[in-house]
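Peer 1: This is the structure I have questions about; it appears just below.
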Amino acid sequence: MLADTVEARWILHIDVDAFFASAEQLLNPELAGKPVIVGGDPNERSVVASASYEARAFGVRSAMPLAEAKRLCPQAVFLKGNFHEYARMSGAMRDVFLAFTPDIEMASLDEAYLDLTGCRRMYRSPFETAERIKERVKREVGLNVSIGASSSKLIAKVASDYAKPNGIAYVWPGREAEFLRPLDLKELPGVGPRTLERLHRYNLHLIGDLQRMTPQALSAAFGPAGEALFERASGIDSGTVEEALYPKSISRETTFEADVADRRVLEAMLSYLAERAANKLRRIGMRAKTVTVKLRYGDFSTYHMSKSLKEPSWHDPDFRELAFDILDRLFTRRMRVRLIGVALSNLAPEMAHQTNLFEEARFRRRERLYLSIDRVRERFGFSALFTGRAVELIKEHRRDENGLILRTPSLTQ
């Protein structure tokens, strides 16, 4: 190994190729080699969540309207998706990663950062280790992954995109800026559509164009973000690989099979989603103070509103009542609703509840009730018990042990 690599960090970014679509092909071998599009019915208004490489060959891309995907690739198999299977596979991949290093950051279900620096004496090189991880994920989980290896999270992520599909790219320490120089600015993490538009106005199109600027010039044009933009373009990144002990928020949302105008249906679904979020909250031993409701109308206009409790809670009724109050303020247009969601945030660890004796007794009764409900669901599946307005959804939706079978997965996080 070269002398200048001795002190460099060993960071990997691992990304599953076309995760949802690849998972569906793995679950159903008859789909292997066929164009698969996950997102729902192409005759309904929705977008592509994931497309297999066979479908991408026809121009299908994520976030594309399903109707357009159908026009480009009419022979594709369109599926709604199965979040629970995706989560299971993600967990299986994480187990593989843990066999190589304890320093893991799961950025999402299908991507992770691994820091091998503390274990480097066990391995020959980042590239060789990436090959071993790649082979083991394929053998034990069945999925293809692309891996970027470098001395930082930023470069590793860009490299994994460069390695797609099903490849490995290793950027040698000291060559980060050289690697980035010819790439389009849209490939640089942190550069969104609005920033990209502004950069284009200055006739900046490649990452190398930014490298030729000065931090002072970029700060003058973009404010405090200018200097950070220059550092990223130069491949400078000191971010650490660290998995948060607890999530910052827990959110659950779903798109309706058909747009909804009935307030009772909206309340029933909101109640169900709040139950799902609260169940997760209790399982990780946390309480939440803030409730946010998301509402998307048929014209795709989307609204969010948040309200907070006086004290953090993990009880379903507290979140449900606040969510209904927010719904009163959001559901004001004479238009049907296509998507609804709820998020719990301002999380805090479960601690002793400080209140007077009579309120304490009432609080503990409610606590025992919901912990009992959770135990029943853990043993017999979430569908074993429905509470509140969510009961009204039973006659309208099919169920399995994981809960209601919805048009889109309700379990986002």
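Values in this text are rule-based calculations from the coordinates and carry no lab data. Please read these numbers as outputs of a predicted model, since none were measured by experiment. Cβ sites come from the backbone with ideal geometry, for glycine too, and all protein chains shown count toward neighbours.
Peer 1: Tell me, in nm to one decimal, what length is gained between K186 and Q75 on full extension, where the rule is 0.36 nm per residue of separation less the Cα-Cα distance?
Peer 2: Working: separation 111, 0.36 × 111 = 39.96 nm, distance 3.12 nm.
Residue separation times 0.36 nm, minus the Cα-Cα distance, leaves 36.8 nm.
Peer 1: Quick one: length gained pulling A32 to R94 fully straight, 0.36 nm per residue minus the C-alpha distance?
Peer 2: Working: separation 62, 0.36 × 62 = 22.32 nm, distance 2.42 nm.
19.9 nm is the gain from fully extending A32 to R94.
Peer 1: Tell me the label-point distance for the pair M335, A220, using the 7 Å Cα-to-Cβ offset, in nm and rounded to one decimal.
Peer 2: Roughly 4.4 nm, to one decimal.
Peer 1: Need the list of aspartates and glutamates near K289 for cross-linking: C-alpha distance under 20 angstrom, and skip anything on the same chain fewer than eight residues off.
Peer 2: E253, E275, E311, D316, D318, E321, D325, D328, E350, E359, E360, E367
Peer 1: Relative to the Cα centre, what is the charge dipole magnitude of the range 25-180, using +1 at the beta carbon of each Lys and Arg, -1 at the beta carbon of each Asp and Glu, and rounding to the nearest 20 debye?
Peer 2: Values: 21 positive and 19 negative charges, 35 e Å.
Around 160 debye, computed over the range 25-180.
Peer 1: Which angle between 0 and 90 degrees, to the nearest 10, do you get for helix 153-163 versus the longest principal axis of the chain when only C-alpha atoms count?
Peer 2: 80
Peer 1: Next up: Using the count of nearby Cβ atoms within 10 Å as a rough guide to exposure, how do W314, W172 rank from fewest to most?
Peer 2: On the way: W314 24, W172 17.
Fewest-to-most ranking of W314, W172: W172, W314.
Peer 1: Still on this structure: Just check the range 59-141 against the gyration tensor rule for me: Cα atoms, a ≥ b ≥ c as the square roots of the eigenvalues, rounded for a/c under 1.5, and otherwise prolate or oblate depending on whether a/b exceeds b/c.
Peer 2: On the way: a/c = 2.92, a/b = 2.43, b/c = 1.20.
Prolate, since a/c reaches 1.5 and a/b exceeds b/c.
Peer 1: Right, another one. Rounding to the nearest 20 debye, state how big the charge dipole of the chain is about its Cα centre with +1 on each Lys and Arg Cβ and -1 on each Asp and Glu Cβ. Don't skip to the end; give the middle numbers.
Peer 2: Numbers: 62 positive and 56 negative charges, 207 e Å.
The calculation lands at about 1000 debye.
Peer 1: Under the rule a/c < 1.5 gives rounded, and otherwise a/b versus b/c splits prolate from oblate, where does the range 1-172 land using the Cα gyration tensor? Mind showing how you got there, number by number?
Peer 2: Working: a/c = 2.67, a/b = 2.11, b/c = 1.26.
Prolate is the answer for the range 1-172, as a/c is 1.5 or above and a/b outweighs b/c.
Peer 1: If each DSSP helix of 4+ residues adds -39,500 (n - 2.57) and the sum is divided by the residues in the chain, what number results at 222 nm, nearest 500 deg cm²/dmol?
Peer 2: Numbers: 14 runs with 158 residues, N = 413.
Result for the chain: -11500 deg cm²/dmol, rounded to the nearest 500.
Peer 1: Considering every Cα-Cα pair within the chain, what fraction, in whole percent, is farther apart than 31 Å? The partial results should precede the final answer.
Peer 2: Working: 43104 of 85078 pairs.
When every Cα pair of the chain is considered, 51 percent fall beyond 31 Å.
Peer 1: How many nm separate the modelled label positions at Y202 and E135, each set 7 Å beyond the Cα in the direction of the Cβ?
Peer 2: Here the answer is 4.6 nm between the modelled labels.
Peer 1: Nearest-5 percent of antiparallel DSSP beta bridges in the chain?
Peer 2: Values: 48 of 54 bridges.
If I count the DSSP bridges inside the chain, around 90 percent turn out antiparallel.
Peer 1: Size of the dipole of the range 3-76 about the Cα centre, Lys and Arg at +1 and Asp and Glu at -1 on the beta carbon, nothing else charged, in debye to 20?
Peer 2: With only Lys, Arg, Asp and Glu charged at Cβ, the dipole is about 320 debye.
Peer 1: How many percent of DSSP beta bridges within the range 21-167 run antiparallel, rounded to 5? Kindly include the intermediate steps, with their values, before the conclusion.
Peer 2: Values: 7 of 10 bridges.
That works out to approximately 70 percent antiparallel.
Peer 1: I've got another one for you. Using label points projected 7 Å from each Cα along Cα→Cβ, tell me how many nm separate M305 and L369, to one decimal.
Peer 2: Each label point is offset 7 Å from its Cα along the Cβ direction, giving 2.7 nm.
Peer 1: Ok, one more. For the range 8-45 and the range 159-190, what is the separation of their Cα centres, given in Å?
Peer 2: Computed from Cα coordinates, the inter-centre distance equals 22 Å.
Peer 1: Next question, about the same structure. For the range 1-63, I need the span (max minus min coordinate) of the C-alpha atoms along each principal axis, in Å, sorted largest to smallest.
Peer 2: Cα spread of the range 1-63 along its principal axes, largest to smallest: 58, 26, 19 Å.
Peer 1: For the pairs K138/K164; K70/K294; K80/K157; K157/K280; K34/K186, note any where the Cα-Cα span goes beyond 18 Å. Walk me through the numbers on the way to the answer.
Peer 2: Numbers: K138/K164 15 Å; K70/K294 28 Å; K80/K157 28 Å; K157/K280 29 Å; K34/K186 30 Å.
As for pairs spanning more than 18 Å Cα to Cα, those are K70/K294; K80/K157; K157/K280; K34/K186.
Peer 1: Counting other beta carbons within 10 Å of each Cβ, put L369, L116, L273 in order, fewest first. If you can, show how the numbers build up before the last one.
Peer 2: Numbers: L369 13, L116 22, L273 28.
So the ranking, lowest neighbour count to highest, is L369, L116, L273.
Peer 1: With N set to the residue count of the range 109-227, report its C-alpha Rg divided by 2.2 N^0.38 Å to two decimal places. Each step should come with its number before you reach the end.
Peer 2: Values: Rg = 16.9 Å, N = 119, 2.2 N^0.38 = 13.5 Å.
Relative to the 2.2 N^0.38 Å estimate, the range 109-227 comes out at 1.25.
Peer 1: Test of understanding: what is the full-extension gain from T240 to T195, defined as 0.36 nm times their sequence separation minus their Cα-Cα distance? It would help to have the intermediate numbers written out before the result.
Peer 2: Working: separation 45, 0.36 × 45 = 16.20 nm, distance 2.47 nm.
Value of the extension gain: 13.7 nm.
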